[in-house]
1. Helix 65-83: angle to the longest alpha-carbon principal axis of the chain, degrees 0 to 90, nearest 10?
2. How much length, in nm to one decimal, is gained on full extension between Asp64 and Gln249, taken as 0.36 nm per residue of separation minus their Cα-Cα distance?
3. Which one, Ser59, Ser118, Ser73, has the greatest fluctuation when you compute a Gaussian network model over the chain with C-alpha springs under 10 angstrom?
4. For the chain, what number of Lys pairs, 8 or more residues apart or on separate chains, have alpha-carbon atoms under 30 Å from each other?
5. If I stretch the segment between Gln176 and Ala297 completely, what's the gain in nm (0.36 nm per residue apart, minus their alpha carbon distance), one decimal?
6. All other residues with a Cβ under 13 Å from the Cβ of Gly261 taken together, and with Lys, Arg as +1 and Asp, Glu as -1, what is their net charge?
7. Specify the inter-centroid distance of the stretch 109-151 and the stretch 16-87, based on alpha-carbon positions, in whole Å.
8. With label points built 7 Å along Cα→Cβ from the Cα atoms of Val383 and Leu316, find their separation and express it in nm.
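Just so you know, all these numbers are worked out from the coordinates, no wet-lab data involved. What you see is a predicted model, and the numbers here were worked out from it, not measured in a lab. All Cβ positions, even for glycine, are placed from backbone atoms using ideal geometry, and neighbour counts span all protein chains on display.
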Amino acid sequence: MAFWRRIWQRDAGPAPAACTALDIGTEFAKALVFEIDEHGRGIVRGVGRKRQGLSHMQSGTVADIAAVVDNCSVALQEAEEMAGFRPTQVVIGIAGELVKGFTTTHSQERRRPDVPISEAELQKLIDGVQREALREAERAITWETGLPHVDVRLVHAAVTGAAIDGYALTNPVGFQGRHVKIAIFNAFAPLVHLGALQSVASQLDLELLEIVAEPYAVARVLSDEQVRQAGALFVDVGGGTTDVALVRQGGIEGTRMFALGGRAFTKSIADRCELPFPRAEALKVDYARGMPVERRAEVASIVADDVEVWSAGVELVMEELAAGDLLPGRIYLCGGGSRLPEIAAALAAERFWKRLPFARPPEVTVMAPDQVEAISDATGLLVDQQDVTPLGLAYQAIDLQTTEDPLDVALRRVLRAMKV
């Protein structure tokens, strides 16, 4: 941990650690500058935003590196001036249809259950899980792109659970037993997407601590014990994509994304009302906030039509994530697109949840920044659901400072050996 403390330390003596969270969204580049106190809590000191051009991002992925760097630079400068300091490290979120996140669970029967598990045996087990996960991601991305060979890279990995003979453990080393089970969440993405974000960080002259799948980050921000025990679905409606994460049995089982978000709603309003795109965006935002707008009935009809298509996409994704098991009875919404009242109404509608394996009607909640208990906002500017995603990225950065358990250490050794 001494290494992490050194790279987090700012130049000025014993000042608190600091970092930047960068959410490169389809509509906005958002930057949060925050400190981390001695108790491991985050304090947001600066916030910056810059709207992206229509051609700068495509379905949540970078389409024009130079333009995105310029936008991020503006957002960063605003956040840094507000904070009064400039961190040198950054955590960046990644989204897009071809970002695949899933938990791989591997069970193994040991030949000699009376022999304590060694570190070498644990690493061998983790190695088998990771190689299986990489093959699965390569198959999925190759099938979806239709290309014979796609260079797939690991975005990040985390151990979500381990057990011996049904007994949950945080460190299996030294324990005896016959049946060993380990679960690891992995997020994979094509090299072209991952490399673009690495280029953005490099051109911004920032040290890239981690790239995180955004639905994974959002799904981890709530510390509610009921969420961890009973599970939940997290739906992040962004500008270009909708991200869905499933938390079940205390861990993240999987994440899925599809290319339909708030920008598609704006485009429909622009086309059907014959308005310029910026005017249609302003009209949609005012409508979502409940403000009086011209042609309200027409806008409501257009949004309702699009949300019906959107909810069908969410249904397909949730059905895939369910994998035949019951889905949790809580749905948490975030992202700028979730402001539209039709979004929450669609997920709570009987015709939606009846077609999915819910045991009862799901409870739909729109998330707020103050629900992220590990981070406080000293700026007072993080006020609605679109700010939850960058806070989730900040939470991941803070998590890097916590004491690492032996499973994480073993996982990192395996990843270094695999060089994925």
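1. 90 degrees
2. Numbers: separation 185, 0.36 × 185 = 66.60 nm, distance 4.00 nm.
Length gained, Asp64 through Gln249: 62.6 nm.
3. For the chain, modelled as a Gaussian network with Cα springs under 10 Å, the answer is Ser118.
4. So the count of such lysine pairs works out to 17.
5. Numbers: separation 121, 0.36 × 121 = 43.56 nm, distance 6.67 nm.
Computed gain between Gln176 and Ala297 is 36.9 nm.
6. -3
7. Cα centres, the stretch 109-151 to the stretch 16-87: 34 Å.
8. Here the answer is 3.7 nm between the modelled labels.
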